[in-house]
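Below is one structure, written out as structure tokens; comments come after it.
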Amino acid sequence: MPFPKVDLSVDPTLKTYASNGDSVLQIKSMLFNDAIVEFLGFMTDMSQTFDSTWNTEQVFGRNDPIAIFQGTKRTVSITFQAVAGTVLEAQNNLTKIDQLAQFLYPSYKRVPGPTNQSLQGVYSSSYMSGAPLVKVKFSNLINSSVSGLNDGLMGYIDSLSINPVLDAGTFVSGGHFPKVFEISFGLNVLHQATPGWDANGGWLGQQGFFGSATETAKAQSGEPPAETTATNTGIPITERLKNIGANEQAAWNKGLGRSQSRSESTPVIDESGNSFIDLSPQQGGQGPLIDGSE
């Protein structure tokens, strides 16, 4: 049986506005394909915590303890509101909240047993077959840090709080449907790519913790991906050339007593990967080389 799909909103205008503005909170269950719940991005609070665990031992003759690193845990806390202006929207929200709560439960497989004629039934047992892992996505702020993935941050929800804001009222139509729900949950992140540094100072996570959606936007717009360099600054060489501002160029020209456009200057990259503008006499300039390294 396929997972029932519930609309982001029954209002087409809200649906289009949220989708075009990348303002959709998406929670996806990892138990089944297409088991996704989406909420309009009425975010009221969001925090991310990085907790490092160290095992310390105090030894004789040493003021400071010996600390052995064990790991860093990342947790995300999210609070948002599900708001409804109509009874249909309120019913839609309640259905999605119900599905979100279901995401905290595992999957089971049933094992058939022998038939008991006297009880006119079949004995069976079941066992847990899948843990309730989820992926959560909200634009670039909560997203996968793995290059090429843009489907959310994997983890498990350890707490879910669903609070109807009764002061805002309810719609009464065969039951009470609150106009506003305040929902909060905590996500314990399970990294799909090991974050850390390699021996050469390269980041193993492939992208920053909040950058995957930005890289996707660049790819969709046709903008080339960011270059990587082995320079000590970590800034792409082409960007370092651009960062030599026009005001600084004008000041150099004024000090040299001439007017030289940027196009007349020749970008140079030395053996160490540092970039600079060559104002040497061989290039028609005067004075020293202007180093672009930091």
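Every number in this text was worked out from the coordinates using simple rules, so none of it is lab data. A quick note: this is a predicted structure, and the numbers were derived from the prediction, not measured. Backbone-built Cβ (ideal geometry, glycine too); neighbour counts: all protein chains shown.
Pairs of C-alpha atoms in region 26-184 farther apart than 22 Å represent 60 percent of all such pairs. Of the cross-linked pairs 109/179; 28/179; 73/179; 135/179, those separated by over 29 Å at the C-alpha level are 109/179; 73/179. For the peptides 33-44, 188-199, the ranking by packing is 33-44, 188-199, with the highest mean count of neighbouring Cβ atoms within 10 Å listed first. Simple point charges give the picture: +1 on the Cβ of Lys and Arg, -1 on the Cβ of Asp and Glu, and for region 12-221 a dipole about the Cα centre of about 420 debye. Note on residue 163/residue 190: beta-carbon distance plugged into 1/(1 + (r/R0)^6) with R0 of 30 Å gives a FRET efficiency of 0.65.
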